[in-house]
Amino acid sequence: MLTIQGKEAFILKPADPVDLELLIDALCRERDPTDLVCVIGDLGPVAPPQMCNGLQLPIAYFDQLFSFPKQTLIESIPRPEKISAKDFAPATKELFNRIMRITWNDGTSNRARGLNFLALRYDAIYAKVAEAFAQDDSLTGVRVVPSRLSDAGDILDFVFSFTNRKTGVTQMFSVSLNVAGKGIYLVAPLAPYYPVS
């Protein structure tokens, strides 16, 4: 059973029985409570009560399953040359904690899957926050809007707002992702964002 923030969310089953070892390894290894677990797969039906001690949860058939310590991810984020290690470390940790709060989700919506992708696989976000931190700006908001790049709704813009702590001026930056299917991918990298009315 996979829990999200302590709440039972899914019963995990491998899409391919050969991957049962992945599940056993992820569950049996000694882990810290702050370790992260990423599950990529398909959502199945609600499990019958006899499957898991009376719990009726959706079954998640996973294709990929991996877990890793939070600190390992934070330490693997490349530091931009113009940001000192002294400024980068606290900014990266602060952003990671904020993004983790944003990504407390079950991963079943396109918005949630996109946020999860950015948190785990797009380090430019962390570099931007470190740069903003050094310029006395704070991350003050994240919103998700349909991209102007697609009428089909399969491309979303993830808009990050940064507000200067002294002047109150806000700047926005966005990254565009194609969220159709399991294979999320980058459509447009992080760049300044200008809303259009």
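FYI, it's all coordinate maths here, none of it is from the lab. Computed from a predicted structure; not experimentally measured. Cβ placement follows ideal geometry from the backbone for every residue including glycine, while neighbour counts extend to all protein chains displayed.
Some observations on this one:
- Cα extents of the range 115-163 along the three principal axes, largest first (Å): 38, 22, 14
- Per residue, the average separation of C-alpha pairs within less than 8 Å and at least 6 apart gives the range 103-197 a relative contact order of 21 percent.
- Flagged links, alpha-carbon separation over 27 Å, of Lys93/Lys166; Lys13/Lys93; Lys128/Lys166: Lys13/Lys93
- Its alpha carbons give the range 53-162 an Rg and a Dmax of 16.3, 55 Å.
- For the range 1-68, the pair-distance distribution built from all alpha carbon pairs, in bins 5 Å wide starting at 0, is 4, 16, 27, 26, 20, 6, 0 percent.
- For the range 122-134, backbone phi angles converted through the Karplus equation (6.51, -1.76, 1.60; θ = phi - 60°) give residue-by-residue couplings of 10, 6, 4, 4, 5, 5, 5, 5, 5, 4, 4, 4, 5 Hz, Gly and Pro being listed as x.
- Relative contact order %, the chain, counting alpha carbon pairs below 8 Å whose residues are six or more apart: 14 percent
- The convex hull of the Cα atoms of the range 153-197, projected and averaged over all directions, covers 4.0 nm².
- With contributions of -39500 (n - 2.57) from each DSSP H run of at least four residues, the per-residue ellipticity at 222 nm computed over the chain stands at -9000 deg cm²/dmol.
- Exposure here means at most 16 other Cβ atoms within 10 Å; with GluC sites (Glu not before Pro) in a DSSP loop as sites, the longest stretch of the chain lacking them is 82-197.
- Three principal axis lengths of the chain [C-alpha, angstrom, descending]: 59, 42, 26
- Qualifying trypsin sites (Lys or Arg not before Pro) in the range 67-153, where qualification requires a DSSP coil assignment and no more than 15 other C-beta atoms within 10 Å, comprise Lys82, Arg148.
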